[in-house]
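Every read-out reported here was derived from the displayed coordinates using simple, explicitly stated rules and does not represent laboratory data. Remember, predicted model here, so these are calculated numbers, not experimental data. Note: ideal-geometry Cβ built from the backbone for every residue, glycine included; neighbour counts use all protein chains shown.
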Amino acid sequence: MVVTTGSPGNPLPASPQDDGLSPEAAARAVARLFPEVYRRYHSARRPVGDATLPVTRRGLEVLIHLASAGPLTIGEQAEHLGLRRNTTSELVARLEAKGLVARIRDERDERRVLVWLTDTGRDVVGRVGQVLAPDLLARVMASLEPRDRATVVRGFELLARAEPAEAGDAAPAASASPTTDAIATPARRGGRTAKGPRT
């Protein structure tokens with residue numbers, strides 16, 4: 001069994017070794033572990049080497065997540081990042097004061113207030129680069145046995161290539177640059193179109 005260490009006082013649980021793991025149990029395990037992987041190896045944890053970036057590490061994490069997910073409510077953002085709602089609200093307020101995000105109305109439900117990147121916010125995300133930091137990943141990969149490194153890569157390949165049963169017949173082509181593609185995508189999510197100010 002591979003022992004994966006977490007942060008001091010917060011070790012990661014060992015991976016299940018049961019080959020008979022049901023699809024439902026496997027799905028729950030992935031859903032539970034992915035937020036930890038996202039937070040641990042997110043590019044916002046990496047020193048950006050640019051003192052001119054007008055944002056903290058946590059604020060940068062919010063911006064990058066918006067670029068990937070599209071416009072979100074405060075509650076949705078808090079849930080995705082595993083933060084308290086009031087903490088997320090304070091982060092968004094600071095980013096808004098710096099002109100990096102703006103609150104916009106959902107065209108299909110004017111009662112919903114979404115948070116979305118301004119042009120300045122998109123520029124900051126573009127200066128950072130990838131969602132996951134290769135240098136952070138490389139350090140942990142170096143600590144694993146070659147067989148375990150291959151297992152990690154194979155697992156992500158399987159998830160990226162697989163198509164949910166209820167989806168279309170053909171899997172979408174993989175993007176070479178997830179962050180860049182997300183930034184270029186119009187402010188449309190889940191079938192609703194958001195409209196808002198541009199800076």
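Worth a mention:
- On the beta carbon distance between VAL113 and ARG39, with R0 = 30 Å, the FRET formula returns roughly 0.75.
- Working value for segment 55-129: equivalent-ellipsoid semi-axes of 18, 14, 11 Å, each the square root of 5 times a Cα gyration tensor eigenvalue, largest first.
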